[in-house]
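Here the structure comes first, spelled out in structure tokens, and everything after it is commentary.
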Amino acid sequence: MSLSTGTWKQGLLTLALSTALLAQPAMADVERRLDRIERLLDGSTLMDMSRLQERLRDEVANLRGDIDVLQREVQELQRQQRSLYEDLDSRLQAMEHGQAGNGPERQPSLPDTPGLDADLAAGDDATDIPDDAPDAEPESDAAEDYEQAFELLREGRYEAAGNAFREVLENHSGTLYADNALYWLGESYYVVRDFDSAMEHFEAVIADEDNNKRPDALLKKGFIHYERSQWQDARRALEEARDAYPNSSVATLAENRLRRMRDEGR
């Protein structure tokens with residue numbers, strides 16, 4: 001027996017209603033799950049993510065700051081190294097010029113005794129030694145000991161040079177060799193940046209008004225104050241060296257360092 005059209009439609013409607021009723025629980029479960037996810041995203045998870053992002057941002061900023069500090073420290077060390085090398089190079093050039101200027105017609109002079117003053121570099125620092133003094137000739141024991149000490153310094157063997165200059169002081173006190181050895185003993189400390197020991201010896205040279213290395217010691221005193229960032233003391237020592245010994249290499253080097261300080265805003 002065939003179904004009527006009305007009966008067929010009623011059956012389809014009943015089936016649709018049944019399906020909708022069965023789907024309602026599933027849809028409600030999906031909606032509940034979506035609501036929970038939204039609450040999680042709107043709550044602590046997003047806050048944790050935000051805090052993490054902020055912390056990472058702070059760490060990156062701190063790292064950049066540390067890098068800047070390290071770069072400045074490296075630049076300062078490079079500047080100090082250049083300054084040290086430039087000063088040592090000027091000393092070595094003075095030595096070479098002093099040797100080249102000692103012709104046979106000159107009076108006997110201290111072997112390899114450099115001075116920043118042009119007269120000292122030319123070898124005139126021995127004119128204060130009497131002709132009959134036992135240490136007047138370069139062949140004397142004092143001259144030989146001094147020359148050996150100075151050779152160690154030129155070779156860069158600073159500790160050995162310091163010991164050798166100390167022996168000159170002990171064995172040949174009262175001579176011009178001892179005066180110069182006192183200065184170069186300070187120099188052997190300066191070149192390895194033992195500024196306390198270097199300053200002690202430079203001050204001893206400065207205290208002796210008759211020591212021919214006094215201008216150089218005064219200059220190095222200013223340099224040490226500069227390396228220690230003691231700008232007022234550095235300026236005072238450098239100005240004294242410039243004004244006390246005008247028209248000399250010491251005055252030129254002192255003025256150069258004062259000019260650098262002005263350029264650096266020191």
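The values are calculated or read from the model by the stated rules, or taken from the named source; none is laboratory data. Bear in mind the structure is a predicted one, so any value in this text is a computation, not a measurement. Quick reminder, even Gly has a Cβ in these numbers, built from the backbone with ideal geometry, and neighbours come from all protein chains shown.
Listed values, structure above:
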item: Every pair of residues 6+ apart whose Cβ atoms lie under 8 Å, when the first sits in the stretch 188-214 and is within 17 Å of residue 162 (Cα to Cα) and touching a residue at least 40 places away in the same chain (Cβ under 8 Å) while the second is in a helix (DSSP H, G or I) and hydroxyl-bearing (Ser, Thr, Tyr); result: 191/158; 213/183
item: Long-range neighbours under 6 Å by Cβ, at least six apart or interchain, first residue in the same structural domain as residue 189 (by TED's automatic domain parsing) and assigned to a helix (DSSP H, G or I) within the stretch 130-156, second of a type in the set (S, T, N, Q) and modelled with pLDDT of 50 or more; result: 142/175
item: Residue list for the stretch 234-251, filter: part of a helix (DSSP H, G or I) and surrounded by 15 or more Cβ atoms within 10 Å (Cβ to Cβ); result: 234, 235, 237, 238, 240, 241, 242, 249, 250, 251
item: Test for residue 205: is it within 25 Å of residue 144 (Cβ to Cβ) and buried (at least 17 other Cβ atoms within 10 Å of the Cβ); result: yes
